[in-house]
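Engineer: There's a structure below that I have some questions on.
The values are calculated or read from the model by the stated rules, or taken from the named source; none is laboratory data. Not measured: the values here are computed from a predicted model. No Cβ is skipped: glycine too gets one built from the backbone with ideal geometry, and neighbour counts run over all protein chains shown. Side chains are part of the model used for accessible areas, which takes the heavy atoms of the whole protein and leaves out ligands, DNA and RNA. Shrake-Rupley method; radii C 1.70, N 1.55, O 1.52, S 1.80 Å.
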Amino acid sequence: MEAQWNPTSYPQSPSVVFLLMATSYTWLLPVASPQRIPTDPQAAPEYAHSIRLDGDIILGGLFPVHSRGDRGTPCGELKKEKGIHRLEAMMFAIDLINKDPELLPNITLGARILDTCSRDTYALEQSLTFVQALIERDGSDVRCANGDPPIFTKPDKIVGVIGAAASSVSIMVANILRLFKIPQVSYASTAPELSDNTRYDFFSRVVPPDSYQAQAMMDIVTAMEWNYVSTLASEGNYGESGVEAFIQISRETGGVCIAQSLKIPREPRPGEFDKIIRRLLETSNARAIIMFANEDDIRRILDAAKRNNQTGHFLWVGSDSWGSKISPVIGQERVAEGAITILPKRASVDAFDRYFRSRSLSNNRRNVWFAEFWEENFNCKLGMHGKRPGSLKKCTGLEKVGRDSSYEQEGKVQFVMDAVYAMAHALHRMHRELCYGYPGLCPRMANNIDGKELLSHIRAVSFNGSAGTPVVFNENGDAPGRYDIFQYQITNRSTAEYRVIGSWTNKLHLKVEAMRWRTGDPSLPASVCSIPCRAGERKKVVKGVPCCWHCERCEGYHYQASEFTCELCPYEMRPDANRTGCVPIPIIKLEWHSPWAIVPVFISMLGIIATSFVIVTFVRYNDTPIVRASGREMSYVLLTGIFLCYAITFLMIATPDVGVCSFRRIFLGLGMCFSYAALLTKTNRIHRIFEQGKKSVTAPRFISPASQLVITFSLISVQLLGVFVWFAVDPPHTVVDYGEQRTQDPTSARGVLKCDISDLSLICSLGYSILLMVTCTVYAIKTRGVPETFNEAKPIGFTMYTTCIIWLAFIPIFFGTSQSAERMYIQTTTLTISLSLSASVSLGMLYMPKVYIILFHPEQNVPKRKRSFKAIVTAATMSGKLTQKGGDRPNGEVKTELCESMETNSDFIN
């Protein structure tokens, strides 16, 4: 009866569905007891691929019990040490934990241990067993032969996995375990890739990654103050990866230069090692040699150095393949003297030795692979169904491990036990938190153990492991790197030995005083070529000596792009303080609190208050003679322009953005355009009236208020049309001008944030208003002879003369400071003050006298007799004649005579 899995029952992760659908469904079959015996004696045991130990909490285990198979078969030969020793270490650790009354009391740990066969794809298929309990199986479409619904055997729920060994296997398995939030603790995977907590967030390990070994060697080199070294590696993954990691770290940290990086071929030719020694001597200053090589290559290199009379020249730094081994240095102690080597901290677990030596076929039935190990270990055959072919002796079952066969504890046994204990301590912490005071598993843990919560407890554990060393994890789930540092020394008694001179546990602890160089010499030898350059200096390599240099400082806007080059920073950036990179040039704008802004803003605020006061006064006394005589409609247009001239100051100082820049374009010339269009219309009207009066008594056309408004707004529309065309051709946007304050000293450079209004665009925007102003001035000059009792010609004339002086002063100041470092401040302040002064002149000369009369002399604000256009022209003519006589009469008589001869008709003229 085959159960059917419904993929839709786990919809949260499409990648899970795809992976599980792509895998055989056979792992969903009901689980049988490991002791089940098949009826067919020739059939393979149904559960020969796994070990199951009952318990309240089940841990998974992944071990390379067999090697990779050949010719497509998944599994090959049995691995006695890396397979059997390690999985027995897991079961031994579980036994110890279950007997410990202090650790997980009243809770039994169980296990489901699988064989990875040292193959990542096979291990992935096997590890799907661990997620069975998390998949909801749908049997609605499945029926047994008799029509009954299927009965599913409830699979074990795995809360955590111990393993795997090979990094490739751990990488593959970690990808699926993380999807189901099952924590994983490895005892042997050391690939640096697994430190990526974003991809392998549920993966932890009790062994340090390989990158720590290269880092430890780099720290040793740095502590020796060597900055010029060569590397030597045996061809292959171990040697080449180790040297690559060392070189990478040297590039990242700096301060160490690689003189040469040589490789020892897998099959060296005769004289190859002598050739390598000669190559190393080409850079004789690089005395320190970083070695990632196997034992045979180490021995042959030392021998070649001895043959070439280089005893004492090279300073050897060996990896863990050298460690504290005697074989590489036998017979060549002098040439190896002073060699520094490293070896991971490890210790033999005596309790495990006693446990494993006591294992036999009768007391170890739980290990389904132990019979196969027995045959392999004692080179015998178990009965007619034994796996080993050939005419071997028959196993008696009385053989003893360590007595009838050689035995040496496998090096990772300590780490397997530490991994199991790490999981147990995490579960203990979790139980204490969720089930405090509850004997055994409480419902909160019995029903569901949250993998993410368990992971947080795993990362937080801290205890002394099986070898007495502390077990902790960093934020990436890595165990701290622990290495012993050795030096090969020859004592005064001419005996050579490895002596511990320090250790490395994420940090180097070196006893320099315990080091010996060249029999009894405690001073540190040198391996340097040139002093490292300081930050912001480039290395100018000495020709023919690749790792020797002179230091040259990067100047101006250049920064140190690499060890050997200075490059120019992008235009919007400048070198940082130490010239090792570029930083954005600070961007400035005119701030409200700047003195350059305070003065224009103060003037504008006074102007806006005064203009608002005039407008309110005129509106309140709208029907009084003085307001009527001023031409109410044109007065309000002129006052609007004056108000806009003051208000533009705030737009010019505001932080530029698209909105502010748009309003700047619109209102920059609009205020002046309103003002001078109104004044031009007034002066033109006055000029036409009196010019027409000289020719006939008929009033000129278009002198009514409505006509004047049409003329004024026609003039204003030209300005608006130009602005809208500008919008269409070049939409407004902000720019940062880095050239305006780009000084010789990069620290003083600043970028200026401003609107995309060039000087030419500014002149074009104001040009039309200036044209109106000049034209209005011309008309003011032409109407200067009109009596002041009839109109505003003279105040308008004074206004325009003063305004022209203001703008004549503005132009040289504005353009004369275009090269100044304070250009932005000066030009903005000059422009805003010029606009405010222009508005103030118009307001003060044209409206303040009227407001004064309205408020303080209301007796003068009375209507006067209206007169015909003919009378007005006659009065103007008489005024001209009386003006000519004015020189022959006392002051004031001309005006008096004129006033007596005719009454003013301001309503008609103005």
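Engineer: Heavy atoms only, probe 1.4 Å: what % of the accessible area of region 595-861 goes to carbon and sulfur, would you let me know?
Structural biologist: Here carbon and sulfur together make up 70 percent of the probe-accessible area.
Engineer: Would you mind getting the accessible area per residue of region 92-137, heavy atoms of the protein chains only, 1.4 Å probe, in Å²? All intermediate terms of the calculation are to be shown ahead of the outcome.
Structural biologist: Numbers: 1580 Å² over 46 residues.
Dividing the accessible area of region 92-137 by its residue count gives 34 Å².
Engineer: Could you please report the charge total around Leu715, scoring K, R as +1 and D, E as -1 over all other residues with beta-carbon less than 15 angstrom from its beta-carbon?
Structural biologist: Working: positive: Lys682, Arg685; negative: Glu633.
Net charge in that neighbourhood comes out at +1.
Engineer: Can I ask one more? Could you order Leu715, Leu721 so the one with the most accessible surface comes first? Probe is 1.4 Å. Don't jump to the answer; show the numbers that get you there.
Structural biologist: Details: Leu715 40, Leu721 110 Å².
Of Leu715, Leu721, the descending order of accessible area is Leu721, Leu715.
Engineer: Dipole magnitude of region 316-463 about its Cα centre, charges +1 at Lys/Arg Cβ and -1 at Asp/Glu Cβ only, in debye to the nearest 20? Spell out each step's value before the answer.
Structural biologist: Details: 22 positive and 16 negative charges, 102 e Å.
Using only the charged Cβ atoms, the result is roughly 500 debye.
Engineer: In addition: Top to bottom by accessible area (1.4 Å), largest first, where do Val841, Val627, Val500 land?
Structural biologist: Values: Val841 25, Val627 0, Val500 85 Å².
Listed by decreasing accessible area, they come as Val500, Val841, Val627.
Engineer: At 1.4 Å probe size, with every protein chain present, just tell me what the per residue accessible area of region 537-584 comes to in Å². Don't skip to the end; give the middle numbers.
Structural biologist: Values: 2870 Å² over 48 residues.
For region 537-584, the per-residue accessible area is 60 Å².
Engineer: How big is the accessible area of Leu87 in square angstrom, nearest 10, if you roll a 1.4 angstrom probe over the protein chains?
Structural biologist: Roll a 1.4 Å probe over it and Leu87 shows about 0 Å².
Engineer: Using r as the Cβ-Cβ distance of Ser405 and Ser284, and R0 as 56 Å, what FRET efficiency do you calculate, to the nearest 0.05?
Structural biologist: Details: r = 52 Å, r/R0 = 0.92.
Working from the Cβ atoms, E equals 0.60.
Engineer: Whose amide H sits under 5 Å from the amide H of Lys263, counting only residues 5 or more places off or on another chain, with H placed in the peptide plane?
Structural biologist: Counting only residues 5 or more places away or on other chains, the set is Ala233.
Engineer: Under the Karplus relation 6.51 cos²θ - 1.76 cosθ + 1.60, θ = phi - 60°, what is the ordered set of whole-Hz ³J(HN,Hα) values for region 567-582, x standing for Gly and Pro?
Structural biologist: Couplings: 10, 6, 5, x, 4, 8, 10, 9, x, 6, 4, 9, 6, 9, x, 10 Hz.
Engineer: What does the charge add up to near Gly60, with Lys and Arg as +1, Asp and Glu as -1, over the other residues with Cβ less than 13 Å from its Cβ?
Structural biologist: On the way: positive: Arg52, Arg112, Lys157; negative: Asp115, Asp156.
Net of charged neighbours comes to +1.
Engineer: Right, something else. Regarding region 156-247, what is the average projected area of its C-alpha convex hull, in nm²? Don't skip to the answer; put the middle values down first.
Structural biologist: On the way: hull surface 28.5 nm².
Hull-based average projected area comes out at 7.1 nm².
Engineer: Same structure again: Put a dot 7 Å past each Cα toward the Cβ at Gln860 and Arg823; how far apart are the dots in nm?
Structural biologist: Once both label points are built, they end up 5.0 nm from each other.
Engineer: Ok, one more. Can you send over the carbon and sulfur percentage of the accessible area for region 465-534, probe radius 1.4 Å, protein chains only?
Structural biologist: On the way: 1800 of 3620 Å².
Percent of accessible area from carbon and sulfur atoms in region 465-534: 50.
Engineer: If I compute solvent accessible area with a 1.4 Å probe over the protein chains, what percent of it on region 537-584 is carbon and sulfur? Can you show the working numbers first?
Structural biologist: Working: 1610 of 2870 Å².
Carbon with sulfur: 56 percent of the solvent-accessible area.
Engineer: Kindly state, to the nearest 0.05, the FRET efficiency for Glu225 paired with Arg429, given R0 = 51 Å and r defined as their beta-carbon distance. If you can, show how the numbers build up before the last one.
Structural biologist: On the way: r = 45 Å, r/R0 = 0.88.
Calculated value: 0.70.
Engineer: Once the whole set of protein chains is in place, how much accessible area is left on Leu315, using a 1.4 Å probe, in Å² to the nearest 10?
Structural biologist: Result for Leu315: roughly 10 Å² accessible.
Engineer: Can you bin region 595-861 into rounded, prolate or oblate? Criterion: square roots of the alpha carbon gyration tensor eigenvalues sorted a ≥ b ≥ c, rounded for a/c under 1.5, prolate for a/b above b/c, oblate for the rest. Don't skip to the answer; put the middle values down first.
Structural biologist: Working: a/c = 2.28, a/b = 1.89, b/c = 1.20.
Verdict is prolate for region 595-861.
Engineer: Could you give the accessible area per residue of region 285-362, probe 1.4 Å, as a whole number in Å²?
Structural biologist: On the way: 3030 Å² over 78 residues.
Ligands and nucleic acids excluded, the result is 39 Å² per residue.
Engineer: For region 537-584, what ratio Rg/Rh do Cα atoms give with a Kirkwood hydrodynamic radius? Numbers along the way, then the final one.
Structural biologist: Numbers: Rg = 11.7 Å, Rh = 11.0 Å.
Taking Rg over the Kirkwood Rh, I get 1.06.
Engineer: How compact and how long is region 373-469, expressed as Rg and Dmax of its alpha-carbon atoms in Å?
Structural biologist: That works out to 21.7, 61 Å for Rg and Dmax.
Engineer: Count the net charge of all other residues whose Cβ sits under 15 Å from the Cβ of Asn106, scoring Lys and Arg as +1 and Asp and Glu as -1. Intermediate values should be presented prior to the final figure.
Structural biologist: Working: positive: Lys99, Arg432; negative: Asp56, Asp100, Glu102.
With Lys, Arg at +1 and Asp, Glu at -1, the neighbours total -1.
Engineer: Another question, if that's okay. Given 0.36 nm per residue, what is the gain on full extension from Lys263 to Asp756 after removing their alpha carbon distance, in nm? Mind showing how you got there, number by number?
Structural biologist: Details: separation 493, 0.36 × 493 = 177.48 nm, distance 6.12 nm.
Taking Lys263 through Asp756 to full extension adds about 171.4 nm, to one decimal.
Engineer: Order Tyr801, Tyr187 by their accessible area, 1.4 angstrom probe, all chains in place, largest first.
Structural biologist: Values: Tyr801 80, Tyr187 0 Å².
The ordering from most to least exposed comes out as Tyr801, Tyr187.
Engineer: Can you give me the solvent accessible area of Lys381 with a 1.4 Å probe, rounded to the nearest 10 Å²?
Structural biologist: So the heavy atoms of Lys381 present about 50 Å² to solvent.
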